[in-house]
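Throughout, read-outs are computed from the coordinates displayed, never taken from laboratory work. Quick caveat: nothing in here was measured; it's all calculated off a predicted structure. Ideal geometry is used to build each Cβ from the backbone, glycine not excepted, and the neighbour counts take in all protein chains shown.
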Amino acid sequence: MQLSRSSDLALRALMRLAVADEREERMTAAVIAESVEASVSHVAKIVSRLVELGLAESRRGRGGGLVITELGRHESVGRLLRRLEGPGEVVQCEGPTPCPLAGNCGLRRALVDAREAFFATLDPLTVDGIVRTPTRQVSLSLGARPRTGPGP
């Protein structure tokens, strides 16, 4: 299974916020976007969703910025991804050219089960747990490394 780009960035943003919180470092959508090599507008939308879910908090004014919440630190990665990815199908059986097997296909159920098994494997993980060493060291360096992709 492949995660959507938004879910991938949401996880990386939460990881970056968790490490920044430990260092008492001020985070903004722009700083996160640079560290994960994504556009500021895309990261801003993702951060807005994380705030909506109670996983991050946005503080205004001098010394403001983004911080991870306790819920964000301890949320199950599997549960979070279920919420971000939504209940969609792994394959599209309906649509403009529906699959002729859609009504009697054993593969569709197997793929639904496989998707759930994927999330279940991630259920025991938390953001706090995945930012521990050695991931923590890489997360700490995210904002310090030069961009490798195309410019803004």
Fill in: Computed lengthening from E94 to A30, 0.36 nm per intervening residue step minus Cα-Cα distance
19.1 nm
Fill in: Matching label, Cα extents along the principal axes in Å computed from the structure shown, candidates (1) 56, 43, 28; (2) 111, 46, 21; (3) 59, 34, 28
(3)
Discussion item. Along the charge dipole of the chain, pointing to its positive end and built from +1/-1 on Cβ of Lys, Arg, Asp and Glu, which listed residue (A114, A30, G103) has its Cα farthest out?
Written reply: A30
Worksheet item: If amide H atoms are built 1.01 Å from N in the plane of the peptide, which residues on other chains or at least 5 residues away come under 5 Å of the amide H of M27?
Response: L66
Item to complete: Sort out the exposed loop trypsin sites (Lys or Arg not before Pro) in the chain (DSSP loop, at most 14 other Cβ within 10 Å) and tell me the longest stretch that has none.
Response: 63-131
Item to complete: Could you size up the charge dipole of the chain around its Cα centre, putting +1 on the beta carbon of Lys and Arg and -1 on that of Asp and Glu, and report it in debye to the nearest 20?
Response: 340
Practice prompt. For the stretch 5-36, run through the GluC sites (Glu not before Pro) and keep only the ones in DSSP coil with at most 12 other Cβ atoms within 10 Å of their Cβ.
Written response: E24
Worksheet item: Taking R0 as 41 Å, what's the FRET efficiency between A114 and H42 from their Cβ-Cβ distance, rounded to 0.05?
Response: 0.90
